[in-house]
Amino acid sequence: MNTVQSIVIAIVEGLTEFLPVSSTAHMIFTSSIFGIQKDEFVKMFQVSIQFGAILAVVAFYWKKFFDFKNFIFYIKLALGVIPALVLGKLFDDKIEAVLEKPLPIALVLIGGGIIFLFIDKLFKNPTVLSEKDISVTQAIIIGFWQCLAMMPGVSRSAASIIGGMQQKLNRSAAAEFSFFLAVPTMLAVTTYSIFLKDWKLNNIEQKGYQMIMATSENIKMFAIGNIVAFIVALLAIKFFINFLKKHGFKVWGYYRIIVGILMLILIYTGSIKS
């Protein structure tokens, strides 16, 4: 992976992290098209640039995140992220194995897209219109829904938004709480990826930060990737909320189906390996 490729992957991450289309699937798709070798540094890079996307949420909703009088907000996020932390740790190796296989990801994209075609009709008459109306119990349940995204292709945003709507949140409240819950979730995943996880690069076990600091090129790609992801995610968040209020989820269903079918075609023709 070179600097230009890392920038493109960061743009893809920033655009798709908070959309219900699976950022992981899109980064894998992009890497496959580029023919980037899926070594441990590339895998770590794809996870770690989520840090830039995290900062975009905090910057966009800074009044919410720094309102220390609203202590219950932090309680909801802390309890809501626990299911993902526990299950993510238990199934980390299995998840990593799936990350290298575009075929199941393409099928999950299509399946999720079909669900999105009907989701607006499935969950009607919402009663929760803002984060303040979300109970602690509802936050925890949404946290369990978020765990569905451990399967690449599901989309963390999609899983938590569907969970929110199942808990009677309206579309915009579900999307915003999905963004809020992403902050501790992705912060934990990024911290684990960089400082705790043992990656095996060239048959040598290394921490993520060791791979980053190994060369000046790696440092540059990591820094630029996070900056680009931050800027693009900041724009994507504003776009998605406004679009969602006006148009709902159906268009994202069609999009997921199209991307999934395109991936299947590329797999079938040998353009990307299954």
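Multiplying the sequence separation of Trp62 and Tyr209 by 0.36 nm and subtracting their Cα-Cα distance, what value in nm do you get?
Working: separation 147, 0.36 × 147 = 52.92 nm, distance 2.78 nm.
So the chain would gain 50.1 nm between Trp62 and Tyr209.
Restricting attention to the range 96-158, which trypsin sites (Lys or Arg not before Pro) occupy a DSSP loop and are surrounded by at most 10 other Cβ atoms within 10 Å?
Answer in residue order: Lys124.
Taking the chain as the reference, fit the longest principal axis to its C-alpha atoms, fit the long axis of helix 102-116 to the helix C-alpha atoms, and give the angle between the two in degrees, 0 to 90, nearest 10.
20 degrees
Go ahead and run the numbers for FRET between Phe71 and Lys121, Cβ-Cβ distance against an R0 of 45 Å, rounding to 0.05. The partial results should precede the final answer.
Numbers: r = 37 Å, r/R0 = 0.83.
Computed FRET efficiency for Phe71 and Lys121 comes out at 0.75.
What is the distance in Å between the Cα centroid of the range 58-84 and that of the range 29-51?
Taking the Cα centre of the range 29-51 as reference, the centre of the range 58-84 is 29 Å away.
For a quick check: with amide H placed at 1.01 Å from N, whose amide H comes under 5 Å from Phe249's, ignoring anything fewer than 5 positions away on the same chain?
Correct list: Asp120.
Taking H placed 1.01 Å from N in the peptide plane, check which residues at least 5 places from Gln206 or on another chain put their amide H under 5 Å from its amide H.
Amide H neighbours of Gln206, under 5 Å, 5+ apart: Trp199, Lys200, Leu201.
Helix 3-16 against the longest principal axis of the chain: what's the angle in degrees, Cα atoms only, rounded to the nearest 10?
Approximately 20 degrees, to the nearest ten.
List the residues, sorted by chain then number, that are 5 or more residues from Ile272 or on another chain and whose placed amide H is less than 5 Å from its amide H.
Ile267
Whole-Hz ³J(HN,Hα) for each residue in the range 67-83, computed from phi via Karplus 6.51 cos²θ - 1.76 cosθ + 1.60 with θ = phi - 60°, x for glycine and proline: what do you get?
8, 5, 6, 8, 5, 5, 4, 5, 5, 4, 5, 5, 6, x, 8, 4, x
Test of the criteria: in the range 86-194, which chymotrypsin sites (Phe, Trp or Tyr not before Pro) are in a DSSP loop and have at most 13 other Cβ atoms within 10 angstrom of their Cβ? Walk me through the numbers on the way to the answer.
Numbers: sites: Phe91, Phe116, Phe118, Phe123, Phe144, Trp145, Phe177, Phe179, Phe180, Tyr192; in loops: Phe91, Phe118, Phe123.
Answer in residue order: Phe118.
What pairs from Lys250/Lys273; Lys89/Lys238; Lys124/Lys168; Lys89/Lys207; Lys121/Lys168; Lys43/Lys207 go past 20 Å between their alpha carbons? Intermediate values should be presented prior to the final figure.
Values: Lys250/Lys273 30 Å; Lys89/Lys238 32 Å; Lys124/Lys168 8 Å; Lys89/Lys207 16 Å; Lys121/Lys168 13 Å; Lys43/Lys207 13 Å.
From Lys250/Lys273; Lys89/Lys238; Lys124/Lys168; Lys89/Lys207; Lys121/Lys168; Lys43/Lys207, over 20 Å: Lys250/Lys273; Lys89/Lys238.
Karplus couplings for the range 142-152 from phi (6.51 cos²θ - 1.76 cosθ + 1.60, θ = phi - 60°), rounded to Hz, Gly and Pro as x?
Couplings: 4, x, 5, 4, 4, 5, 4, 6, 5, 7, x Hz.
In degrees, nearest 10, range 0 to 90: what is the angle between the Cα axis of helix 23-34 and the longest Cα principal axis of the chain?
That helix lies at roughly 30 degrees to the long axis.
Can you list the HN-Hα couplings for the range 45-51, worked out from phi with the Karplus curve (6.51, -1.76, 1.60; θ = phi - 60°), rounded to whole Hz and with x for Gly and Pro?
These are the phi-based 3J(HN,Hα) values: 4, 4, 7, 6, 6, 5, 4 Hz.
Could you give the distance between the Cα centres of the range 147-220 and the range 233-274, to the whole Å?
19 Å
Go ahead and estimate [θ] at 222 nm for the chain from helices alone: -39,500 (n - 2.57) per DSSP H run with n ≥ 4, summed, over the residue count, rounded to 500. Provide the component values of the computation, followed by the final result.
Working: 15 runs with 196 residues, N = 274.
Computed ellipticity for the chain at 222 nm equals -22500 deg cm²/dmol.
Every number here is computed from the coordinates shown, using simple stated rules; none is lab data. What you see is a predicted model, and the numbers here were worked out from it, not measured in a lab. Note: ideal-geometry Cβ built from the backbone for every residue, glycine included; neighbour counts use all protein chains shown.
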